[in-house]
1. Based on what the data block shows, is Met37 among the hydrophobic types (A, V, I, L, M, F, W, C), in contact with a helix residue (DSSP H, G or I) (Cβ under 7 Å, 6 or more places away or on another chain), modelled with pLDDT of 95 or more and open to solvent by 40 Å² or more (accessible area, probe 1.4 Å)?
2. Name the single residue that is surrounded by the fewest Cβ atoms within 10 Å (Cβ to Cβ) among those in region 1-34 being closer than 29 Å to Met64 by Cα and β-branched (Val, Ile, Thr).
3. Please name all residue pairs, on different chains or six or more residues apart, with Cβ atoms under 8 Å, provided the first residue is in region 21-40 and is without any contact (Cβ under 8 Å) to a residue 60 or more places away in the chain and the second residue is part of a loop (DSSP other than H, G, I, E, B) and open to solvent by 80 Å² or more (accessible area, probe 1.4 Å).
4. Glu71 - would you say it is modelled with pLDDT of 95 or more, among the acidic types (Asp, Glu) and not in a loop (DSSP other than H, G, I, E, B)?
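The values are calculated or read from the model by the stated rules, or taken from the named source; none is laboratory data. Computed from a prediction, not measured in an experiment: that's the story for all the values here. Using ideal geometry, Cβ is built from the backbone for each residue, glycine included, and neighbour counts are taken over all protein chains shown. Please note that ligands, DNA and RNA were not included when accessible areas were found on the heavy atoms of the full protein model with its side chains. Shrake-Rupley method; radii C 1.70, N 1.55, O 1.52, S 1.80 Å.
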Amino acid sequence: MIRQAQKMQEAMEKAQEELNAKEYNATSGGGMVSVTMNGKKEVVKVSLKPEVVDPEDVELLEDMIAGAVNEAIRAVEADAQQVMGGITGGLRAPGLM
């Protein structure tokens with residue numbers, strides 16, 4: 001039983017390393033704003049189409065950036081849940097996701 005738990009722990013650590021190294025891309029505003037995030041939920045790149053930068057409507061740009069970041073976070077979390085769920089058989093261990 002202990003050996004099986006150790007194997008599961010090792011598999012989870014390896015999977016977490018792989019998830020952390022992955023990059024996730026999300027867009028908003030019909031592709032006007034793009035955010036790339038790694039598996040650690042760190043934003044590594046933000047791309048804006050020039051036409052979205054309107055000094056008269058900064059609030060819209062802020063909303064689109066927030067929307068893209070939130071979508072990227074959801075993608076990271078969904079992928080982590082799927083990968084870790086496959087290892088743990090659906091058991092949720094605190095602090096792993």
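1. On the way: among the hydrophobic types (A, V, I, L, M, F, W, C): yes; in contact with a helix residue (DSSP H, G or I) (Cβ under 7 Å, 6 or more places away or on another chain): yes; modelled with pLDDT of 95 or more: yes; open to solvent by 40 Å² or more (accessible area, probe 1.4 Å): no.
Criteria not met by Met37.
2. Thr27
3. Gly31/Lys49; Met32/Lys49; Val33/Lys49; Asn38/Lys22; Gly39/Lys22
4. yes
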